[in-house]
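Step one of this worksheet: look at the structure below.
Values quoted throughout were computed directly from the atomic coordinates according to the rules given, and no laboratory measurement underlies them. Quick caveat: nothing in here was measured; it's all calculated off a predicted structure. Reconstructed Cβ throughout: ideal geometry from the backbone, glycine too, with neighbour counts over all protein chains shown.
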Amino acid sequence: MLDFVQQLVSGIALGCVYGLIALGFVLVYKATEVVNFAQGDLMMLGGFFAFTFIGMMGLNYWVGFAGAVAAMALFGMLAERIVVRPILGYPQFSIIMATIGLGYFLRSVAGMIWGTDDLKIETPFSQGVLRIGALVLAYDKLSVIAATVILCTLFYLFFNKTTLGTAMRASSENMLAAYYMGIPVKRVVSIVWAISAAVATCAGVLLAPITFIHSNVGLVLGLKAFPAAVLGGFGSIPGAVVGGVLIGVIESMAGFYLPEGWKDVAPYVVLLAVLLLKPEGLFGLHVRKKV
Amino acid sequence: MRFLFKTDYDDDIRLFPHSGYVVSYGLLIAVLLIAPYVLSSYLMSQLVFVCIYATVGVALLILTGFTGQASLGHAAFLAIGAYTAAYLQKYNVPFPVYFLAAGLLTGLIGALVGFPALRLQGIYLVIATISFAFIVEEILARWESVTNGNEGMRIKTLSLLGVAVPRDSPAFYFLCLAVLVLTIVGTLNLLRSPTGRAFVAIRDSETAARSMGVNVALYKVKSFAISAAITGFAGVLFAHKLSFISPEMFTLQLSIEFIIVILIGGTFSLHGAVLGAIFIVMIDPFLTYLKDDMPGIIAGVAATFGAGAEAAANVQAKVAAFASLNGLKGAIYGVIIVLFVLFEPLGLYGRWLKIKLFFQLFPLYKRATFKRQKIYVKSERNR
């Protein structure tokens, strides 16, 4: 039983990371119907930025964290301006390819600049564990869970209660109509990319003590975040996090109870099952097609 | 300029619309036939890879270019073809049998993948095919009794009707070329048939195709099966060319490379697959060239423009250091993909058509001829 709870908690922590990355996918998808395959690489880059600020320049952890988030938000805007905006409105496949290309580029350039070694950031949560009875919980994992809950709540409120959030939903539904209604669609898209890069950075920095930072971390985790986003229903913010947690728990349980090899495959098996049985996901909306 | 007057319904579906095609393709075939006796062995080896990649490119074009179903899992089909060949070869099955068996098995698995894909579109389909590829990769690594796990499998020299065909011989190149040409001609025929028309109809609008009486589900599964089968054939050749296969060769990276092949070549015509394959395979020799010769050339240019000997040497060292950076290939890949998507979405073949049209219509060429429509409304996008 204790093993089970331990696995459950570590699965939830892992799942929260997937959830955070999936949250980035969902934000961009919600506002522009674009799927950003470079989301994991934005996370990786955010981790490297934080490493530069904290590890190399010796800034305070929180200052470095904020700096990395701000820098990545700018970077997200830049990437949107250069790569995505010219092809907005073209078939999804073009945009997927463009973001795959962007991901390739970021991965290689990060490898060139920061080298291919595993890097580590000293965080306030790196050491120490919380003991509840016989249960041992590491602070770094708890910090991921806490951050996910906070960010998810913030975004849920943001999208449903604020004017900007409503503008984002509107431009996702019909960019032209939104534009005619006076919504600055271009700026909205730009802001969405900034937010999604910032979320990715949060994931990258929180993950740094757990998986370390190296140039391929984004690819591995980014691909695992897809099942999370699909399970939750692309386009639903609570869905992304719930999907992430489910995938994380499934992966962790599969690693513990099933034969070797299942751990890596399980998320994808679940993904295929979801796509087969309920393609719109747990929280997704059913989209009707227009001829 | 040549004007084609269509006087017969057959004019629309002729393989060679006019004699110019016969001449130019005849010349191309002649050049390809004498290539092994002229080119160096390294370039020959690259040319074999061009043939294999182009075959996969054609397969992917059938699925992605003509049926409109994106797939990022073709490395898995290639792997299934390659492993089938390797496994059957162990039991002394002759080449023609395991070649066909590999294609059949891969086609069958392709059809099985096609069924779940019926309900999926766009991004979901991409994700589903990625997952499929991951699962296949993991199975290859774990099913040790058949695939020998991560240690990989060796493939013996190909023997065709009792004659050994080593992997670097001209005969092997001719075999690959023959497979490619047969695939292309077969695909051209397929696209002229009702099946091919149905594929294109599904690509352009699924709903419209259905209302015209096209059985969308059937044709999607067919498209998956055909595409997978061709990839399986290519997989057999791939395995023989490499003579050693292991699961880590068939990763997502390879699937992306295949997609790049058709993206760079152009997704609307079979020419694209071949041009894209040439581009992708020849980028390696080009990068080697860049690494070896570029620093010297740039230093030479710098010297001509009045830089001193010391400065020129400095420049040379810097360029050399840059060219030998790790991961330069990945960065170049990334930049190329983005540039093509942004500036030449029709690919190399599209560029060629534009240039051709420019000269044909000389003073009257309009850029808008090739302009694509942008869709900003969600409900119109998913069709």
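Brief remarks follow.
- Amide H to amide H, with H built 1.01 Å from N, A:Leu282 comes under 5 Å of A:Gly232, A:Gly233, counting only residues 5 or more places away or on other chains.
- For the range B:197-313, the Kirkwood estimate of the hydrodynamic radius, built from every pair of different alpha carbons, is 18.5 Å.
- Label zone at B:Phe370 (point 7 Å along Cα-to-Cβ), backbone N below 20 Å, the range A:73-114: A:86-95, A:97-98
- Net length gained if the chain between B:Arg192 and B:Tyr25 were fully extended (0.36 nm per residue, minus Cα distance): 58.2 nm
- Annotation: average projected area of the range B:156-249 is 8.1 square nanometres, based on the convex hull of Cα atoms across all directions.
- Lys, Arg +1 and Asp, Glu -1 on Cβ, resulting dipole of the protein assembly as shown about Cα centre, debye, nearest 20: 2040
- Simple label model, 7 Å out from Cα along Cβ direction - B:Val97 to A:Ala70, nm: 7.2
- Label-zone membership for the range B:363-377, site B:Phe3, 7 angstrom Cα→C-beta point, backbone N under 20 Å: B:363-366
- Calculated on C-alpha atoms, the gyration radius of the range A:88-231 divided by its Kirkwood radius gives an Rg/Rh of 1.04.
- Volume in Å³ per residue [convex hull over Cα atoms, computed for chain B]: 195
- Straight-line cross-link partners of B:Lys371 among the aspartates and glutamates, defined as a Cα under 14 Å from its Cα and at least 8 positions apart when in the same chain: B:Glu344.
- Cα point-scatterer Debye curve for the protein assembly as shown, base-10 log of I(q)/I(0) at q = 0.05, 0.06, 0.10, 0.12 Å⁻¹: -0.25, -0.37, -1.04, -1.43
- Principal axis dimensions, the range A:2-277 - Cα atoms, whole angstrom, descending: 60, 50, 35
- Helix screen, chain B: DSSP H segments with Cα axial length of 18 Å or more and mean Kyte-Doolittle hydropathy at least -0.5 are B:19-34, B:41-60, B:74-90, B:95-117, B:122-142, B:170-192, B:216-242, B:252-265, B:270-304, B:309-323, B:328-343, B:347-360.
- Low-density loop cleavage sites - chymotrypsin sites (Phe, Trp or Tyr not before Pro) in the range A:106-215, where at most 15 other Cβ are within 10 Å (DSSP): A:Phe212
- Estimated distance in nm for a label pair at A:Thr153 and B:Ala217, the labels positioned 7 Å out from Cα along Cα-to-Cβ: 4.7
- Straight-line cross-link partners of B:Lys291 among the lysines, defined as a Cα under 18 Å from its Cα and at least 8 positions apart when in the same chain: B:Lys318, B:Lys329.
- Look at the dipole of the range A:105-195 built from charges on Cβ: of A:Val188, A:Leu137, A:Thr166, the Cα furthest out on the positive end belongs to A:Thr166.
- Modelled label reach - B:Lys90, point 7 Å along Cα→Cβ, the range B:136-179 residues with backbone N closer than 20 Å: B:136-159
- Close Lys-Lys pairs in the range A:2-277, where close means Cα under 26 Å and separation is 8 or more or interchain: 10
- Computed extension gain for B:Phe16 through B:Leu32, at 0.36 nm per residue and net of the alpha carbon distance, reaches 3.8 nm.
- Mean per-residue shielding of peptide B:126-138 is 6, counting Cβ atoms of other chains within 10 Å of each Cβ.
- Stretch in chain A that is longest and holds no trypsin sites (Lys or Arg not before Pro) that DSSP places in a loop and that have at most 15 other beta carbons within 10 Å: A:121-287
- At least 18 Å along the helix axis (C-alpha) and Kyte average at least 0.5, DSSP helices within chain A: A:2-32, A:61-79, A:92-114, A:139-161, A:185-211, A:217-232, A:237-257, A:262-277
- Sites excluded, chymotrypsin sites (Phe, Trp or Tyr not before Pro) in DSSP loops with at most 12 other C-beta within 10 Å, longest stretch of chain B: B:92-304
- Between amide H atoms placed 1.01 Å from N, distances below 5 Å from B:Leu160 occur with B:Val165, all of them 5 or more places distant or on a separate chain.
- Computed E for A:Leu8/B:Arg351 - FRET, C-beta separation, R0 51 angstrom, nearest 0.05: 0.40
- Available extension along the chain between B:Ala178 and B:Met282 is 35.4 nm, counting 0.36 nm per residue and deducting the alpha carbon span.
- Centre-to-centre, using Cα atoms only, the range A:35-72 and the range B:175-195 are separated by 50 Å.
- Kirkwood hydrodynamic radius over Cα pairs of the range A:226-279, then Stokes diffusion coefficient at 25 °C and 0.890 mPa s, in µm²/s: 223
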